[in-house]
Structure formats: C-alpha cells, structure tokens
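Below is one structure, written out as structure tokens; the observations come after it.
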Amino acid sequence: MFGEYSLGDLGAIVAMQGFAGLILFSVYVLMALGLAIIFGQMGVINMAHGEFMILGAYMTYLCSGFFQAHLPSVFPAYFFVAMALAFVASGALGILVEWALIRHLYRRPLDTLLATWGLSLILQQAYRSIFGAREVGVELPSWMMGSVQATDTIEIPINGLFVMAVTVLITLAVAGLLFASAYGKQVRAVMQNRVMAGAVGIDTGRVDRLTFGLGCGIAGVAGSAFTMIGSTGPTSGQLYIVDTFLIVVFGGAASLLGTIASAFSISQTQSTLEFFLSGSTAKVITLLAVVAILMLRPQGLFTLKVRR
Amino acid sequence: MTSPSPRTDNPFMTPTEWAYLAVLCALIFVLLPLALDGFRLNLVGKYLTYAFVALGLAICWGYCGILSLGQGVFFGLGGYCMAMYLKLEASSVENTRIQSTPGIPDFMDWNQVTALPWFWTPFKSLPLTLIAVVLVPTLFAFVVGAAMFKRRVGGTYFAIITQAIAAILTILIVGQQGYTGGINGITDLRTLHGWDIRTDSAKTLLYFVNGGLLVACVLAAQFVKRSKLGRILVAMRDKEDRVRFSGYGVASFKIFAFCLAAAFAAVGGAMFTLQVGFMSPSFVGIVPSIEMVIYAAIGGRLSLFGAIYGTLLVNWAKTTFSESFPELWLFGLGALFIAVVLAFPDGLAGLWRRHVAPLLTRRAKAPMPQRAATLPKGAPAE
C-alpha cells in the first residue's frame, strides 16, 4: 500500500493527515480528560459521557442558529459563547446527575456503569424527542474556514489550529486546577482516601459533585469541537464512548499526561491509516493494537505507583 | 443421627429448586405453546435464545464477579458459525446458477469474491459446524480470558476491554462485506441438512429443541453452582486475595467461568440463527451486549431461573412498548437500568425471595428449606 508513494510524499501525507487528525485529537483529549477525571479520580464509569458531549454539540448548534437569526453582526465570535454555554450546560447536568444518581453508587463501580448506561439511553431519547432524529450541522464563521499553507504540500486547517489552542488552554487550566489550587488538593485527597479526607474536614460530597460537573463540562466543550468534524445526532456520542474509554485506560487511568499521550497516539494512528486504508479497517487496526498492548501492559502507558 | 455425608449436606438441588425447575419446564413446554400462536411462540423462542446469554452472565457475573460487556461477541460467533453452514447449504450450485461464480453465497458474488474463503470451508460439514458453534467462541473466550486474568486484569478494566472487543468485531464484520455479508449479515437461510427450517412445524420443533437445550444449560449451571468449583467462584468474587493465598489458581477459575458463559452464549446464538433465519452484526456489538447484561440484572444476578424470567420479561416489555409507544421504550429501558441498580439490586429473584417465597412457605405450613439460606448474600457487582 505504500509502494506507489515516494518517501517525500509519505512524509507530506503523514504531516497532512496528522494536522487533519488534530481536531479528532482535540475531541479525544477533551472527552478523555473529562473521563479521566471522573474515572481515574473518582472511580466512576460514566457511560453517558458521550451524551454529555452531544449536549455540548447541540448547544453549539442552538447558538449558531440563534446568532445567525438575531445577532448576525457578532456571528464571527459566536463560537466562544457556544463553548462557554456548552461547558455550563453539560456541567450543570453533570452536577444534577451526580446528586441524583452517582453519589449513591461510589462503592459499586460496575453498577455505575449500568446506571449511567441507562442514563445515556434516556438522554439519547430526550435528544431525539427535542431535536429530532435527523443529524444537524453547524455553520462555522468564515474566519475559521480555509487553511494555512505551510509548505507546497502541507496545508493546515485553521479550525484545527483553533480547536487545538482551546484544547491546550483547557488542559493547562485543568492541570492547574488539579495540581496547583486548594480545590485540586481536596480532589486528590478525596481520591486517595475518601474517609480520611472527610475526617480532616473536607466536604467530600461537594468535592465529588464539583469534580463530576467539571468532567462533564469539559465533555461539553469537546462537543463544541466535535461539531467541526461531524454532524450531531442523538446517537453520535455513543460512537465515541468506547474509543474514549480505551484512551483513558491505555493512558493509565489516573494520569493526565498519559491520557494526552494516548489520545495523541490513537488519533494520529487512526488518521494516518485512514489515508491508506478504508476508515473501518483503520479503526479496527488501531483498536486491535490498543487492546493488544493493553493485554501486554494492563496498567496502561503511564501509571502512578500505587499499592492495590 | 448419623453425620450427614457431603452428598446430602450439599444436594444437587433443594426441593424448592426442583419445584422452580418444574414450573419453568411447565411454562416453556406446556403453557406457552398452548397459549400462543405460531408467530408469538417463535418470538418467545427468540427471547429464550437470549436467556442462554443471561444464564452465562449469572454464572460469570453473579457468581464469579466478572462483568463481561462483550457477550454479544460469543452470541454472534455461535450464530455466525451456524449461519455460515446454512448459507453454504442454501447457495448450492443449482440455487446460485445465475451468479458469475455459482456455488458461493450471493453476497460474496456481489462483492466480487470469486472463491470460497478458507475459513468458510469447514462449514460445509454439519458435524464440524456443530463443533465450531461451541468451540470457536469458547476458544476465543479462552484466549481473551487467559490474556487478561493471568495478568490480573479484572473489574472495570475487563468490562471496558470486552466492550472494545465487541466494537472491534462489529466494525470488522461490517467492513469485510465480501466475507461476512456486511451490515445486512447472513440472510436468506433455508435448510438444515435438507430440512426446511422456514416452515411452521420446523419452527415449533426448533422451539422445543431450544427449550430443551436451555433446561440442559440450567442444569449444567446448577451443577457448577453447587459444586466445590461454584464455592470457589463465590469466594473469589468476595475476597480474591484470600483465595489466591489459599493456593488456588485464581486465573484458571475465572477463565473457566468466562468460557462457560461464552459457550452458553454461543449455543444461544446458534439457536437464534436457526429460529429467526438470519444473523447480523446488530446482535454482536456494544448495545446488544450491554442489553444482555440488563436481562441478567433484572432477573437477579445470583439467580439462574431469574436470568431466564428477566430475559423474557424485558423482551416482552420491549416488544410491547416498541410496538405501541416506540418513543417511550428507550426511556423505559433507561429507567430500568437505573432502577435495577438503585432500587432493587437483587432483581426479580430478590423480590421473589423477600415477598413471595415467605408467603408460599407459610401456606405450605411445613417449613421448606429457604433458598436464601443456601445462596450467598447478594453482594454488589464487584
């Protein structure tokens, strides 16, 4: 399959597909970041994570429609509003879900899986009832269209760069929040020893609720980014949930750095292979490789040394 | 009194359980065939094929604590093995004379495949097919299980990886259209060794064969549950390290439970193909696999009989609701998932044990041995 390309062509293809994979990478990172916080830090398996992402995508869709109809003058800037709104909406729903459902299940991780799967079915049907079964697309402002010509053979899409920048900012913000703030210290304390954290006066319930909300909110932002690579439908989120879980597990559940590294390697492998093979074969090969590596190294790429 | 021998101390089934089995047999073999017309009976037969999977999950998840989200893989592999045999029989040279390559399945011809792929050749023979139906999924489960359990991967990680395997297999089947029939699956199946499976009488007979196999699987599961092996499975679920420190090879027992569940699922899949007349990737992927978990959960993950009733109930509800209120069904199914986790984690069997069984024993005056006494207390899923 590589035979008909010269080495220089191959390099350009890999670079181009790499940049094309940037948006996929960003969606993966944002999704996985939220999941890594929820799964890695709290031990909750959130199967409805994809639906939180789709909520963000629908928010972006609503925003784009609203700005086009009522505020066309500020349409170029609507994406920022949409991202903020997506974060708030998904985060608020996350906090509500944590309060109503998740907090009863902290000692039963496999049960959170079943319960959140039920939640995801309910959300999907809710989206279908509200927004219709048809997939919807989002109109991008003109400054995000087009691409930068880096060399003769390499083009970089602008929206990819934009999403990439947002992803980097959010990742830095999350890292700062978790590792350099009082709240982050509380989160890590609760994660390491819930009972002890409670005994020293941390309101563990509140920390859990905020953490879950934060993870879901980031998923909402991922949904905003997602509108650039695909159309939004009620079940679009479900397609991403397995990939995202694999990314989190592959990266080592409790390590944010590992999550980013694994999201990068998986999205780039898939995106590069897609050029040479059909999309489905590329996906099968990528997932198979991940599963095979996980069987050899079940603890993931990066791990904290903990005694279990 | 002489000291009780181990045999009487730990009988194969308590009298209550024999009674439950009798009720189940009466329901499957007498009540349902009398009450339902041919179409509905075939539908129940289809539900009962899912019950094989739920039964396997009761052993694997309920008793051994391994939650597999990839049971659809084994159901599908069993079903596909059977479908490949039936398809080859349906595409004999005279049946497929109009194709550019006669004698191969029609979808291969449509996809420019000109020769039968090597992995299809064993399915020309019925005995080999019947062996493959059980062996292929079980071997696959063995490989996956050995790779994971030997490295002490368990719990949530195992669940996620089995789910990923279900996703991979679905994408693979859909993508390799020329070899697998793609998204439509393997359709237009006609005869089993010359016997037309599409007639009403054949469907009725297959229903009874299916019921018989299900009861056989219940007995096999009961045997595992009551044996020393079953005790070890429960011990492992509750305190894995202790069992390991006592000198048991934990991984081997887990692999066994996983393989047993896979074999059950495979038999169900093969019976599904025979009764419904096709097999497609929509019974392999993530969604059907996790739905099969809810059957076992609704029935009560620790109850073999509960798994069957749970399957029947959920599927009956699904058919009824999606016929009349298609919108409501997903809400209902979602609510069911949440309710079974939050409100009644022991499922139907728990409700029965708590509310109905005491009434029955009081009425019978003579105190019957309590099912709850021999069953381990319902522990959370882990």
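For region B:275-294, enumerate the residues that are part of a helix (DSSP H, G or I) and open to solvent by less than 10 Å² (accessible area, probe 1.4 Å). Give the steps one after another, and end with the answer.
Taking region B:275-294 first, the residues part of a helix (DSSP H, G or I) are B:275-276, B:281-283, B:286-294.
Within region B:275-294, B:275, B:281, B:289, B:290, B:292, B:293, B:294 qualify.
Per-residue answers, yes or no, for (1) over 19 Å from the mean Cα position of the chain (by Cα); (2) away from chain B (no Cβ under 14 Å); (3) crowded, with 18+ Cβ neighbours inside 10 Å; (4) within 30 Å of residue B:57 (Cβ to Cβ):
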position: A:158; (1), (2), (3), (4): yes, yes, no, no
position: A:178; (1), (2), (3), (4): no, yes, yes, no
position: A:187; (1), (2), (3), (4): yes, yes, yes, no
position: A:195; (1), (2), (3), (4): yes, yes, no, no
position: A:198; (1), (2), (3), (4): yes, yes, no, no
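Quick check on region A:110-122. Is at least one of its residues assigned to a loop (DSSP other than H, G, I, E, B) and under 30 Å from residue B:237 (Cβ atoms)? First the steps, then the outcome.
So the first thing to find is which residues in region A:110-122 are assigned to a loop (DSSP other than H, G, I, E, B), and the list is none.
No: region A:110-122 contains no residue that is assigned to a loop (DSSP other than H, G, I, E, B) and under 30 Å from residue B:237 (Cβ atoms).
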Across region A:84-113, the tally of residues that are without any contact (Cβ under 8 Å) to a residue 24 or more places away in the chain and either crowded, with 23+ Cβ neighbours inside 10 Å or more than 30 Å from residue A:166 (Cα to Cα) (or both) stands at 6
Selection from region B:91-122 of residues that are of a type in the set (Asp, Glu) and within 19 Å of residue B:187 (Cβ to Cβ): B:106, B:109
All-but-one check, residue B:185 against (1) closer than 21 Å to residue B:72 by Cβ; (2) in contact (Cβ under 8 Å) with a residue 24 or more places away in the chain; (3) within 14 Å of another protein chain (Cβ to nearest Cβ), failing number (3)
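Checking the condition open to solvent by 50 Å² or more (accessible area, probe 1.4 Å), touching a helix residue (DSSP H, G or I) at 6+ places or on another chain (Cβ under 9 Å) and at pLDDT below 80, which residue from B:29, B:12 passes? Talk me through it step by step, then tell me what you get.
Working: B:29 fails: at pLDDT below 80.
After ruling out the rest, the residue left standing is B:12.
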Condition (residue is in a helix (DSSP H, G or I) and within 14 Å of chain A (Cβ to nearest Cβ)) applied to region B:133-140: is it met by at least one residue? yes
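Answer yes if at least one residue in region A:281-304 is among the polar types (S, T, N, Q), open to solvent by 10 Å² or more (accessible area, probe 1.4 Å) and either more than 14 Å from chain B (Cβ to nearest Cβ) or closer than 24 Å to residue A:166 by Cα (or both), and no otherwise. Quick ask: steps written out before the conclusion?
To start, the set of residues in region A:281-304 that are among the polar types (S, T, N, Q) comprises A:281, A:286, A:299, A:303.
Checking which are open to solvent by 10 Å² or more (accessible area, probe 1.4 Å) leaves us with A:281, A:299, A:303.
Subset that is either more than 14 Å from chain B (Cβ to nearest Cβ) or closer than 24 Å to residue A:166 by Cα (or both): none.
No: region A:281-304 contains no residue that is among the polar types (S, T, N, Q), open to solvent by 10 Å² or more (accessible area, probe 1.4 Å) and either more than 14 Å from chain B (Cβ to nearest Cβ) or closer than 24 Å to residue A:166 by Cα (or both).
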When region A:260-280 is examined, which residues are found to be more than 14 Å from chain B (Cβ to nearest Cβ) and either touching a residue at least 60 places away in the same chain (Cβ under 8 Å) or in contact with a strand residue (DSSP E or B) (Cβ under 6 Å, 6 or more places away or on another chain) (or both)? A:260, A:263, A:264, A:267, A:268, A:271, A:272, A:275, A:276
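Out of curiosity, is residue B:167 surrounded by fewer than 19 Cβ atoms within 10 Å (Cβ to Cβ) and within 14 Å of another protein chain (Cβ to nearest Cβ)?
Details: surrounded by fewer than 19 Cβ atoms within 10 Å (Cβ to Cβ): no; within 14 Å of another protein chain (Cβ to nearest Cβ): yes.
For residue B:167, the condition - surrounded by fewer than 19 Cβ atoms within 10 Å (Cβ to Cβ) and within 14 Å of another protein chain (Cβ to nearest Cβ) - is not met.
If the requirement is being within 21 Å of the chain's Cα centre (by Cα) and within 14 Å of chain B (Cβ to nearest Cβ), which of these qualifies: A:45, A:130, A:95, A:54? Write out each step before concluding.
Details: A:130 fails: within 21 Å of the chain's Cα centre (by Cα); A:95 fails: within 14 Å of chain B (Cβ to nearest Cβ); A:54 fails: within 14 Å of chain B (Cβ to nearest Cβ).
The match here is A:45.
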Could you look through region B:318-342, keep only residues that are within 30 Å of residue B:216 (Cβ to Cβ) and either away from chain A (no Cβ under 14 Å) or modelled with pLDDT of 90 or more (or both), and pick out the one that is least open to solvent (accessible area, probe 1.4 Å)? B:319
From the option list B:115, B:147, single residue qualifying as more than 21 Å from residue B:75 (Cα to Cα), without any contact (Cβ under 8 Å) to a residue 24 or more places away in the chain, out of contact with any His (no Cβ under 6 Å at 6 or more places or on another chain) and among the aliphatic types (A, V, I, L, M) is B:115
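Can you work out which of the residues in region B:85-96 that are surrounded by 24 or more Cβ atoms within 10 Å (Cβ to Cβ) and either among the hydrophobic types (A, V, I, L, M, F, W, C) or over 13 Å from residue B:119 (Cα atoms) (or both) is farthest from the chain's Cα centre (by Cα)?
Within region B:85-96, the subset surrounded by 24 or more Cβ atoms within 10 Å (Cβ to Cβ) is B:85-87.
From what is left, the residues that are either among the hydrophobic types (A, V, I, L, M, F, W, C) or over 13 Å from residue B:119 (Cα atoms) (or both) are B:86-87.
Values: B:86: 21, B:87: 23 Å.
Here the residue is B:87.
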Among the residues of region B:193-219, the number that are without any contact (Cβ under 8 Å) to a residue 24 or more places away in the chain and surrounded by 15 or more Cβ atoms within 10 Å (Cβ to Cβ) is 1
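The values are calculated or read from the model by the stated rules, or taken from the named source; none is laboratory data. In this text, all values refer to a predicted model and were calculated from it rather than measured experimentally. So basically every Cβ, Gly included, is an ideal-geometry build from the backbone, and we count neighbours across all protein chains shown. Note: areas computed on protein heavy atoms with side chains; ligands, DNA, RNA excluded. Shrake-Rupley method; radii C 1.70, N 1.55, O 1.52, S 1.80 Å.
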